[in-house]
């Protein structure tokens, strides 16, 4: 299946170079480009993309607000922040809802690896960012899960639905829903994608 990528950056060399790298290393990709935020937003509103590689310092950038605006437009679109800024800045965008970060100074192999992981796993976080994302409050929240809540949390992030969890743990599906609400409340998450991000950072 062809994957559609939109690269948004105001430097022609970066746009062209990144497109060539990805087209030569990743099969079945179709790449489009945008040179500023309004153009990127307009294209996302009119077309379906699988991945947005987003420079956060483009003309008419709206800084972190770009992430929430884009996610509101297309909640399923994966956003890979592409910037030369330090990781501390990138973390702010990830907390806003971006699905990954890669430094523009990264080697060619790293860039293609990041994009492939975005497609296969849904996110890409360099090791340096993972450690910074794991604030004590997050670790404490995970540790606060009861034994049964933790078991259900693990089954959820590994792709099990209510029926599978019910069969695995021999509990009613209505009870599972109650546990899920408790898990989301304790971990301050609202959906499975958020839980998976915590799992990727904490357990993998």
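Side notes on the structure shown:
Conditions tested, residue by residue: (1) surrounded by 15 or more Cβ atoms within 10 Å (Cβ to Cβ); (2) modelled with pLDDT of 90 or more; (3) under 18 Å from the mean Cα position of the chain (by Cα); (4) under 24 Å from residue 99 (Cβ atoms).
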position	(1), (2), (3), (4)
114	yes, yes, yes, yes
117	yes, yes, yes, yes
153	yes, yes, no, yes
163	no, yes, no, no
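- Note on the stretch 100-119: residues that are in a loop (DSSP other than H, G, I, E, B) and in contact with a strand residue (DSSP E or B) (Cβ under 9 Å, 6 or more places away or on another chain) total 1.
- Odd one out for residue 61 among (1) surrounded by 14 or more Cβ atoms within 10 Å (Cβ to Cβ); (2) more than 16 Å from the chain's Cα centre (by Cα); (3) at pLDDT 95 or above: (3)
- Within the stretch 49-99, the set of residues being in a strand (DSSP E or B), out of contact with any helix residue (DSSP H, G or I) (no Cβ under 6 Å at 6 or more places or on another chain) and touching a residue at least 40 places away in the same chain (Cβ under 8 Å) comprises 52, 53, 54, 82.
- Of the residues 196, 165, the single one that is touching a helix residue (DSSP H, G or I) at 6+ places or on another chain (Cβ under 6 Å) and in contact (Cβ under 8 Å) with a residue 60 or more places away in the chain is 196.
The values are calculated or read from the model by the stated rules, or taken from the named source; none is laboratory data. Keep in mind the model is a prediction, meaning the values are calculated, not measured. Note that each Cβ is placed from the backbone with ideal geometry, even for glycine, and that neighbours are counted across all protein chains shown.
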